[in-house]
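The values are calculated or read from the model by the stated rules, or taken from the named source; none is laboratory data. Keep in mind it's a predicted model, so treat the numbers as computed, not measured. So basically every Cβ, Gly included, is an ideal-geometry build from the backbone, and we count neighbours across all protein chains shown. Accessible surface is based on the protein model in full, side chains and every heavy atom, while ligands, DNA and RNA are left aside. Shrake-Rupley method; radii C 1.70, N 1.55, O 1.52, S 1.80 Å.
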Amino acid sequence: ITLGAIAVDALYAQALTSTFAISPLVTVRPTRADFVPLAKALQRFSNWMAVEELDLYNACCHAFMDCIQLGTGALYTPYVHHIRKTAVRRVTDAGPRAQAVPIEDLVVQGGATGDPDRLPWFSIRMWMTQADLNDRRRRRKRDGEMDEDVEERNRDRWDITDFQPCGNVDFVRSAREAMGQTSSNAKTKKLYEVHAVFVQFDYDRDGVDE
């Protein structure tokens, strides 16, 4: 066990150092001479985005450990919108943020490849609290509000009427929480298991999956 832990730490440090010791992290190369000004502008934007906006390093700290210990790591970059209410003001943080997806929460079909764009479907499982669901639920129609305005406001919101708390979590998550001494039956009964499913299918019937 000791030798295994030492090997994991060594590989983990090597992976982080090899990836983030290089500057710039992402290199933009123009394919034509007249693209040079655009490439320089995109290079400056990429340098800022990777560090300031995406927070890529902190996400990779978790994903690389999963990759070394479990064999596979995954990153997901959604557009997030956080609101924190304090005694003085409401703090809002919005933008794309890179997140490490626990590999047990990335659901794919058997025999899947490592490229998600080539999969007919895959799912990211999320464990949400009641507050998370309330933030995403559909809003009711206000007095004097037009139906079109309600539909636009609820375009990306969910109908959570039939949502029920989950009974338990999967084996890998249970093992993680048991080893970290953070497991609790009371906490589990307050979680909701939600899947974000990404599907490719021919919705316009032109013979090509979208």
So which residues in region 119-130 are in contact with a Phe, Trp or Tyr (Cβ under 8 Å, 6 or more places away or on another chain) and assigned to a strand (DSSP E or B)?
Trp121, Phe122, Ser123, Ile124, Trp127, Met128
Kindly list the number of the only condition in (1) touching a Leu at 6+ places or on another chain (Cβ under 8 Å); (2) β-branched (Val, Ile, Thr); (3) at pLDDT below 75 that fails for Thr129.
(3)
Residues of region 201-210 being open to solvent by 70 Å² or more (accessible area, probe 1.4 Å) and either closer than 12 Å to Pro120 by Cβ or under 24 Å from the mean Cα position of the chain (by Cα) (or both), which ones?
Phe201, Asp209, Glu210
Out of the residues in region 157-171 that are assigned to a loop (DSSP other than H, G, I, E, B) and closer than 17 Å to Ile124 by Cα, which is modelled with the highest pLDDT?
Cys166
For Asn134, work out the one condition from (1) part of a strand (DSSP E or B); (2) modelled with pLDDT of 80 or more; (3) surrounded by fewer than 12 Cβ atoms within 10 Å (Cβ to Cβ) it doesn't fulfil.
(1)
Give me the pairs: first residue in region 7-18 and β-branched (Val, Ile, Thr), second residue assigned to a helix (DSSP H, G or I) and open to solvent by 80 Å² or more (accessible area, probe 1.4 Å), beta-carbon distance under 7 Å, and six or more apart or on different chains, which are they?
Val8/Gln69
Going through region 46-76 one residue at a time, which ones are touching a Ser or Thr at 6+ places or on another chain (Cβ under 8 Å) and of a type outside the set (A, V, I, L, M, F, W, C)?
Asp66
So which residues in region 84-113 are farther than 16 Å from Ala59 by Cα and of a type in the set (A, V, I, L, M, F, W, C), if there are any at all?
Ala87, Val88, Val91, Ala94, Val107, Val108, Ala112
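Every residue, every condition in (1) of a type in the set (S, T, N, Q); (2) modelled with pLDDT of 80 or more, yes or no:
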{"residue": "Ile83", "(1), (2)": "no, no"}
{"residue": "Ile103", "(1), (2)": "no, yes"}
{"residue": "Gln109", "(1), (2)": "yes, yes"}
{"residue": "Pro116", "(1), (2)": "no, yes"}
For region 1-118, give me every one of the helices (runs of 4 or more DSSP H) that falls completely inside it and has 3 or more residues that are aliphatic (A, V, I, L, M) and exposed (fewer than 13 other Cβ atoms within 10 Å of the Cβ).
2-20, 36-48
With the checklist (1) closer than 30 Å to Cys166 by Cβ; (2) open to solvent by 50 Å² or more (accessible area, probe 1.4 Å); (3) at pLDDT 90 or above in hand, flag the one item Ile124 doesn't pass.
(2)
